[in-house]
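The values are calculated or read from the model by the stated rules, or taken from the named source; none is laboratory data. What you see is a predicted model; the values in this text were computed from it and never measured. Here Cβ is always computed from backbone atoms with ideal geometry, including for glycine, and neighbour counts include all displayed protein chains.
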Amino acid sequence: MSDSHRADQGPDTERPTDGDPRPGSGAGAEPAPTDPEVRAELERLRDSIDNIDAAVVHMLAERFKCTQRVGRLKAEHRLPAADPAREARQITRLRELAGDARLDPAFAEKLLNFIIAEVIRHHETIARG
């Protein structure tokens with residue numbers, strides 16, 4: 001993992017610019033760099049980003065398949081949709097993993113909280129039948 005999500009930096013995102021790397025420094029198509037080596041490196045890096053994004057989507061899909069099964073099991077046994085103790089353990093665990101991976105733990109926690117909220121919503125929907 002790159003340093004792109006350290007606490008002192010925002011995430012690397014692909015956004016159209018006018019060539020100025022500062023956030024919000026332009027709108028519209030990014031001009032092609034004149035140096036072929038720079039163009040090739042940008043293309044290689046962006047291809048890697050695209051592959052990682054695809055992997056993230058597929059991993060989330062697998063995660064949600066599991067949480068759907070958890071939701072059905074909870075509904076069958078009339079268990080609550082949310083499990084605050086489990087969620088707290090997961091947040092602590094993910095923050096540690098993020099720190100080890102040099103990813104901003106606060107970013108990782110926000111992401112997990114977003115995912116947890118969606119899972120709980122799914123569990124509540126399943127419980128309503």
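List of remarks:
- Verdict on ARG121 being under 14 Å from PHE64 (Cα atoms), in a helix (DSSP H, G or I) and not hydrophobic (A, V, I, L, M, F, W, C): yes
- Some residue of region 42-51 being of a type outside the set (A, V, I, L, M), closer than 20 Å to LEU111 by Cβ and either touching a helix residue (DSSP H, G or I) at 6+ places or on another chain (Cβ under 6 Å) or modelled with pLDDT under 90 (or both): no
- Scanning region 62-105 for residues that are exposed (fewer than 12 other Cβ atoms within 10 Å of the Cβ), within 14 Å of HIS122 (Cβ to Cβ) and either in contact (Cβ under 8 Å) with a residue 24 or more places away in the chain or basic (Lys, Arg) (or both) returns LYS65, ARG69.
- Flag for ALA32 being more than 26 Å from GLU109 (Cβ to Cβ) and modelled with pLDDT under 95: yes
- Scanning region 106-128 for residues that are more than 21 Å from ALA61 (Cβ to Cβ) and without any contact (Cβ under 8 Å) to a residue 24 or more places away in the chain, we see that the one that is surrounded by the most Cβ atoms within 10 Å (Cβ to Cβ) is GLU109.
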